[in-house]
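Below is one structure, written out as structure tokens, with a few remarks after it.
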Amino acid sequence: FTSKVTKCEPTNEPLVEYGKTFQFEGYQVTLENTILFPAGGGQPHDVGRLNDTEVVQVLRKGDEALHFTREPIEVGTVVEQEINWDRRFDHMQQHSGQHLLSAILEKEHNLPTTSWWLGLDESYVELDSTKVSEEVIKATEKRCNQLIQEAIPVTAHTRGLPKDCMETIRIICMGNIDENMCCGTHVTNLSQLQSIKLTGTEPGKKGKTNLKFLVGNRVLRTFQLMLDREKALTGLLKNEPTRHEDLVQKLQKNLKITNKNLQTVLQELAQFEIEKIKSATPKPKFVIMFKKEATPEFNRAVIKGLEGEGLFLFFASEEPDKPKEGQIIIQGPEEHCNALGTKITELLKGKGAFKNGKFQGKAGDLSGMNKCKKLIEDYFNSL
Ligand SMILES: [Zn+2]
């Protein structure tokens with residue numbers, strides 16, 4: 001399809017892609033006519049090419065379609081229009097699927113559609129009801145797929161409006177199932193939808209429910225994604241998919257028991273550490289503790305057990321999923337805290353403040369631990 005460029009103006013209107021907004025700086029090109037669909041009626045815009053220039057968005061402004069490009073095209077140029085057909089056909093499948101789905105829900109289950117959304121991965125119809133039952137979902141899915149198998153034709157015709165109105169109305173018909181005003185692009189026959197899969201509901205706006213659906217190639221695409229995920233799980237769990245649920249439940253149960261045992265062991269270890277420090281001769285002036293397996297709870301327990309002993313305490317623990325980062329506690333006689341506190345927190349990129357003679361906060365970089373040890377040892381040796 002070829003057409004002549006009639007206008008080309010700079011623009012910085014953002015790009016909107018399935019609800020996400022991106023900054024854009026480029027040009028908006030108007031043509032004598034176009035085969036690229038501008039966003040409207042719930043259907044996203046087409047993308048494609050004008051000769052070698054990429055069209056990244058098409059918007060409708062009044063009765064003009066604006067083609068967004070990164071480079072300008074001279075007015076008067078005759079351009080060959082090319083459309084990204086995979087994207088367009090996907091939109092046609094979802095949009096015609098939505099008409100079919102909405103028609104069945106309204107006619108057979110008294111659930112009118114109040115709005116719909118075509119997303120990058122999933123789409124939904126917004127239904128005027130707080131609840132949609134499993135039975136209704138199953139029956140609707142079955143009925144829609146039956147009509148797809150019957151290959152009902154989809155036709156478009158226009159109807160004029162009263163004299164004072166300039167535009168015409170476009171009506172999309174699906175056999176005798178549905179008749180709906182629509183400006184979007186549609187398949188010519190329901191068999192082109194291949195199949196519809198309803199994937200569940202979620203609460204919508206007040207008093208509404210969103211029913212999620214996939215049509216045609218999206219069913220296959222999603223099925224493939226699920227197979228890939230299942231294959232990955234089969235590898236991890238080393239057992240067939242029918243056993244996955246069982247195995248994960250068992251794993252979770254075991255993890256719970258292991259964690260409980262670990263807590264008990266850590267509590268006993270904390271008690272042991274407290275006794276060891278208390279009974280040491282000569283009595284130490286300071287305690288530094290940085291154990292890999294220690295949790296912040298363990299550190300707090302040991303510190304609590306050593307309160308009132310007049311010791312300078314410096315405890316650190318590591319974040320399990322972020323090595324280098326962790327939590328630190330500094331506590332003890334005020335003169336020592338004043339002398340060492342700021343230097344330690346600086347070395348560890350600590351965040352937090354001394355409160356009631358105690359520092360408890362995050363460490364941004366635990367690789368300074370050895371320097372801290374040296375600092376504390378030197379300080380107490382020099383006293
Ligand atoms: Zn429509």
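The values are calculated or read from the model by the stated rules, or taken from the named source; none is laboratory data. Computed from a prediction, not measured in an experiment: that's the story for all the values here. A quick note on method: Cβ atoms are made from the backbone with ideal geometry, for glycine too, and the neighbour counts reach across all protein chains shown. The area values use the complete protein model at the heavy-atom level, side chains included, leaving out ligands, DNA and RNA. Shrake-Rupley method; radii C 1.70, N 1.55, O 1.52, S 1.80 Å.
Can you give me the accessible area per residue for region 272-381, using a 1.4 Å probe, in Å²? The partial results should precede the final answer.
Details: 6320 Å² over 110 residues.
Result: 57 Å² per residue.
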Rounded to whole Å and sorted largest first, list the principal axis extents of the Cα atoms in the chain. 103, 55, 40
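Please report, as a whole percent, how much of the solvent-accessible surface of region 2-83 comes from carbon and sulfur atoms (probe radius 1.4 Å).
Working: 1970 of 4370 Å².
Using a 1.4 Å probe with all protein chains present, region 2-83 comes out at 45 percent carbon and sulfur.
I need to check one value: relative contact order of the chain, counting alpha carbon pairs closer than 8 Å and at least 6 residues apart, in percent. Before the final figure, lay out each step's value.
Numbers: 647 pairs, mean separation 34.6, N = 383.
Relative contact order comes out at 9 percent.
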Interchain or sequence-distant (5+) residues whose placed amide H lies within less than 5 Å of the amide H of Trp116 are Glu126
Name the GluC sites (Glu not before Pro) in region 1-77 that are in a loop by DSSP and that have at most 11 other C-beta atoms within 10 Å, would you? Glu25, Glu32, Glu74
Work out, step by step, the length gained on full extension between Asp365 and Glu293: first 0.36 nm times the residue separation, then minus their alpha carbon distance; give nm to one decimal. 24.1 nm
Report the one residue of Pro10, Leu66, Leu269 whose Cα lies farthest in the direction of the positive end of the charge dipole of the chain (charges on C-beta: Lys and Arg +1, Asp and Glu -1; origin at the Cα centre). Leu269
Taking the Cα centre of region 89-232 as the origin and placing charges on Cβ (Lys, Arg +1; Asp, Glu -1), which of Ser123, Val136, Ile171 is farthest toward the positive end of the dipole? Ser123
Listed by chain and number, the aspartates and glutamates with an alpha carbon less than 19 angstrom from that of Lys238, same-chain partners under 8 positions apart left out, are Asp228, Glu230, Asp246
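For the peptides 295-306, 260-271, 220-231, what is the packing order when you average, over each peptide's residues, the other Cβ atoms within 10 Å and list the highest mean first?
Working: 295-306: 17.9, 260-271: 13.2, 220-231: 11.5.
Packing proxy ranking, top to bottom: 295-306, 260-271, 220-231.
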Summing -39500 (n - 2.57) over every DSSP H run of at least 4 in the chain, dividing by its residue total and rounding to the nearest 500, the 222 nm mean residue ellipticity is -12000 deg cm²/dmol
Going by average Cβ neighbours within 10 Å, how do the peptides 332-339, 209-216 rank, with the highest at the top? 209-216, 332-339
Cross-link pairs Lys107/Lys138; Lys283/Lys349; Lys131/Lys205; Lys304/Lys355; Lys291/Lys373 - those with Cα-Cα distance over 19 Å: Lys283/Lys349
Among the aspartates and glutamates, select those whose C-alpha is under 16 Å from the C-alpha of Lys250, and discard any that sit fewer than 8 residues away in the same chain. Glu240
Taking just the C-alpha trace of region 89-232, give me its Rg and Dmax in Å. 16.1, 63
Choice from Pro44, Pro323, Pro72 showing the highest fluctuation, given a GNM over the chain with Cα pairs closer than 10 Å: Pro323
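Using the Cα centre of the chain as the reference point, and only Cβ charges (+1 on K/R, -1 on D/E), how large is the resulting charge dipole? Debye, rounded to the nearest 20. Can you show the working numbers first?
Numbers: 51 positive and 53 negative charges, 363 e Å.
Value, rounded to 20: 1740 debye.
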